Amino acid sequence: MPHRTSLPESASMPQLHLLPPLPYDYAALEPVIDERTLRLHHQSHHAGHVRALNSLLEGQPQLQGRSALWLLLNLDKVPRALRAAVRHHAGGHVNHSFYWSGMAPRGPSARLDGPLADAVARAFGSIEGLRLEFGMAVRKLFGPGWAWLARDSGGSGALRVLTTEQHLNPAMHAHVPLLAFDCWEHAHYLRYENRRLEALEAWWSIVNWPEVALRFALTWRPRAADARGLPARGSRPGSRVAETRTEA
Ligand code: MN
């Protein structure tokens, strides 16, 4: 989720968005994600979003105290001339931060169990059903974007697999994200070249299921802070979320 500065409040110093450190070493996700890709992805791609976002907010004191997620959910408060760029870079910052913490080095604790496992079974039949659904969604995403496991914050709380284009986020469409897969080529190209589905298949072994289960537990009901300012579904032409499944 959004990472905000921990710099002391000061009237003279605007709050800056900061690149969160990875919760593991650059080589820790080998062989699934190679060290060079992870380093470039974090230090170049993600850092670039943070830098650009800070630069965009220069001279916008009314926006400088806001989290990247708030910016993404309140784009109507962003000057029109900056809106597309803020959407891109705030989204890039939010999504990458979320992506890093949704992964962990392979280990014995990385199992899906508990209430989340039950919800996955209800929605997709099994973890294999979820993986199948996810793969189909990724296959149907033409161009850069993200694939998500998310839950509907509109009442049913149902689990869904979604994709978003560019750096859009399910929270912009009344869904609470639980798990993210980066479908941009930069996330896998060095090792997998154009074999994105192969990268996805390997990725399941480094999903941080305890973290996903925690996100699930915390979002059993949509939190008021996240729900505030959410646009009505489908109210943003050109930024629709592709839904591949609706849970009964
Ligand atoms: Mn990326």
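Quick one: is residue 51 closer than 28 Å to residue 186 by Cβ, within 16 Å of the ligand (Cβ to nearest atom) and in contact with a Phe, Trp or Tyr (Cβ under 7 Å, 6 or more places away or on another chain)? The answer is no for residue 51. When 171, 199 are screened for being in a helix (DSSP H, G or I), of a type in the set (Gly, Ala, Ser) and within 12 Å of residue 138 (Cβ to Cβ), only 199 passes.
The set of residues from the stretch 163-196 being in contact (Cβ under 8 Å) with a residue 60 or more places away in the chain and β-branched (Val, Ile, Thr) comprises 163, 164. If you check 56, 69, which single one turns out to be under 22 Å from residue 183 (Cβ atoms) and away from the ligand (no atom under 14 Å from the Cβ)? Answer to the selection: 69. Note on the stretch 52-75: among residues that are closer than 13 Å to residue 88 by Cβ and not hydroxyl-bearing (Ser, Thr, Tyr), the one that is surrounded by the fewest Cβ atoms within 10 Å (Cβ to Cβ) is 52.
Among the conditions (1) away from the ligand (no atom under 16 Å from the Cβ); (2) closer than 28 Å to residue 161 by Cβ; (3) more than 17 Å from the chain's Cα centre (by Cα), residue 86 misses just one, which is (3). Going through (1) in contact with a Gly (Cβ under 9 Å, 6 or more places away or on another chain); (2) over 17 Å from residue 180 (Cβ atoms) one by one, residue 49 falls short only on (2).
Could you go through the stretch 212-222 and let me know if any residue there is in contact (Cβ under 8 Å) with a residue 24 or more places away in the chain and within 14 Å of the ligand (Cβ to nearest atom). No, every residue in the stretch 212-222 fails to be in contact (Cβ under 8 Å) with a residue 24 or more places away in the chain and within 14 Å of the ligand (Cβ to nearest atom).
Among residues of the stretch 37-48 that are in contact (Cβ under 8 Å) with a residue 24 or more places away in the chain, none has a beta-carbon under 6 Å from a residue that is more than 11 Å from the ligand (Cβ to nearest atom) and of a type in the set (D, E, K, R) at least six positions away or on a different chain. Tallying residues that are more than 13 Å from the ligand (Cβ to nearest atom) and over 23 Å from residue 117 (Cβ atoms) within the stretch 170-189 yields 4. Just to be sure before I move on: is residue 143 out of contact with any strand residue (DSSP E or B) (no Cβ under 8 Å at 6 or more places or on another chain) and farther than 17 Å from residue 100 by Cα in the structure I sent? No; evaluated as a whole, the condition is false for this residue.
Every read-out reported here was derived from the displayed coordinates using simple, explicitly stated rules and does not represent laboratory data. Here the structure is a predicted model, which means the values were calculated and not measured. Cβ coordinates were reconstructed from backbone atoms using ideal geometry, including for glycine residues, and neighbour counts include every protein chain displayed.
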